[in-house]
Amino acid sequence: MASMALNTVYNQYLTTYAPKKSDTKYDTHKKSELKSITNSMALVNKDAPLYKIDNSEETREYVVGLKEESRMLQNTIASVVGNGEADLDGKVAYSSNENMVLAKYVGSEELLAGSEEGNGVTSPGGEIPSYNIEVESLAVSQVNLGKYLPKDSLGIEPGDYTFDLTVNGQGYEFQYSINDTDTNFDVQSRLSRLINNSGIHLSSTVEEDDEGNSALRIESNQVGIHFGDTGRAFDITESSGDKSGSVAYFGIGEVTREASNAKFIVNGIEASASSNTFILEKTFEITLTGVSPEEGITATVGVKPDTEAAIENINNLIGGINQFIKTVNEYKQSQERAGGLLGEIGSIAGIYKDGMSSAGINFAEDGTMEIDEKKLGDTIINDEGEALNSLKGFTNAMMRKSRQVSLNPVSYMNKTVVEYKNPGKTFLNPYTASAYAGMMFNSYV
């Protein structure tokens, strides 16, 4: 009965005073993190005087809500900048000529997040260099284009035919029939469907010219010549049977274009790849899309500020901080210490206000912030990340303040000091639960 009663009491308490829940990964902690929080609580308890607190329902709602809002603010900041120091000017890969080269960053996210642009892009953890790429030729597939034959006639004897097709060393035998009523176009279309439906990594079409002729085109899905391969991507030969000669008649055994690798020059060094998409120096995924129009013309690949992502992250961040400030403002009339918290936040903002304003982030009279997205975007692009230092500093300071509020929200409620502890004679007592610090309980099972 006692357990059921406690269950009812605690769940009613949470439903009434702490309705906000979060399923984010930032509400899970390692043992070392929980130990650090416990130690911080003990330090607060060590010198905390004995208080007589206001135990009204409004005050209880305020102090629990304040802790929950500070927790939500920590989650918002962590989701944008992580649990470390704020870094808001993220980077994204770019190519100066996407008609030649496309680029995607696939290297270390930590290195990308901590980088600053220079000749390459450097950070304390390493360097993200830029590359100049000249494309001499693209990797291409093998193509066998048969003879152009009159569409509406047939120049081969009807009957059952077979031919052998070898793809990457694997042999296949194809069997088909030619009827009396078939035309060249009918047979070519039938062979095209047969090849396409076989699942052997070849594609086939029937091409027509302006003179009423058609030809069977067969192409390998694979481009280039893979390492260790010495032959063609595929071979088509006559096979022994009752009737032969179809390969020669349709001309599908002749190679029109050999498969070849991509050839390019990276920072003056010649290189090749069996595919037009490859990983460059474990840093960029490169896709070659075209050949350099003239010798010596290159496309530069590197990283630059990701303006769109940065603005979205900053909007989410400012929204979280504004929500926290609005919640505290709601209790300013009934809770005198709420005004003190707003004053502390205002003092923090005063340090970074001018720098943030130059980046397009302005403060309203109630302490909340508004964003001029055009000015912020220009700042991110033109100032090489320096103009965001004020916002980073403000974000880091707000993270520290939210942790302080979450640890001891009772310090911001109305209370009367009953007794101070003896200065210099206090000690840590891990066996005594604190009435003032932590408020760690947020569920009951």
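The values are calculated or read from the model by the stated rules, or taken from the named source; none is laboratory data. As the structure is a prediction and not an experimental result, all values here were calculated from the model. Counting neighbours? That spans all protein chains shown, and the Cβs are built from the backbone with ideal geometry, glycine included.
Summary table below
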| quantity | calculated |
| --- | --- |
| Segment 319-339: number of residues that are of a type outside the set (Lys, Arg) and in contact with an Asp or Glu (Cβ under 8 Å, 6 or more places away or on another chain) | 7 |
| Verdict on Gly350 being of a type in the set (Gly, Ala, Ser), outside the structural domain of Ile133 (by TED's automatic domain parsing) and out of contact with any Cys (no Cβ under 7 Å at 6 or more places or on another chain) | yes |
| Criterion: assigned to a loop (DSSP other than H, G, I, E, B), under 30 Å from Tyr331 (Cβ atoms) and at pLDDT below 85 - qualifying residue of Asn119, Asn45, Asn55 | Asn55 |
| Test: Lys282 is among the basic types (Lys, Arg), farther than 23 Å from Leu145 by Cβ and surrounded by fewer than 13 Cβ atoms within 10 Å (Cβ to Cβ) | yes |
| Lone unmet requirement of (1) over 29 Å from Thr166 (Cα atoms); (2) surrounded by 14 or more Cβ atoms within 10 Å (Cβ to Cβ) for Arg217 | (1) |
| Residue count for segment 78-113, restricted to those that are closer than 22 Å to Ile311 by Cβ, modelled with pLDDT of 85 or more and outside any strand (DSSP E or B) | 0 |
| Residue count for segment 176-214, restricted to those that are touching a residue at least 40 places away in the same chain (Cβ under 8 Å), assigned to a helix (DSSP H, G or I) and surrounded by fewer than 20 Cβ atoms within 10 Å (Cβ to Cβ) | 0 |
| Residue under evaluation Val303, criteria (1) in contact with a strand residue (DSSP E or B) (Cβ under 6 Å, 6 or more places away or on another chain); (2) modelled with pLDDT of 90 or more; (3) β-branched (Val, Ile, Thr), criterion not met | (2) |
| Residue in segment 343-359 that is touching a strand residue (DSSP E or B) at 6+ places or on another chain (Cβ under 7 Å), crowded, with 18+ Cβ neighbours inside 10 Å and at negative phi present | yes |
| Output for segment 349-408, where each listed residue is farther than 28 Å from Lys332 by Cα, among the small types (Gly, Ala, Ser), in a helix (DSSP H, G or I) and at pLDDT below 85 | Gly377, Ala387 |
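Results for (1) in a helix (DSSP H, G or I); (2) touching a Pro at 6+ places or on another chain (Cβ under 9 Å); (3) surrounded by 14 or more Cβ atoms within 10 Å (Cβ to Cβ); (4) assigned by TED's automatic domain parsing to the domain that holds Phe174, shown as yes or no for each residue.
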site	(1), (2), (3), (4)
Ser244	no, no, yes, yes
Phe278	no, no, yes, no
Val291	no, no, yes, no
Glu295	no, no, no, no
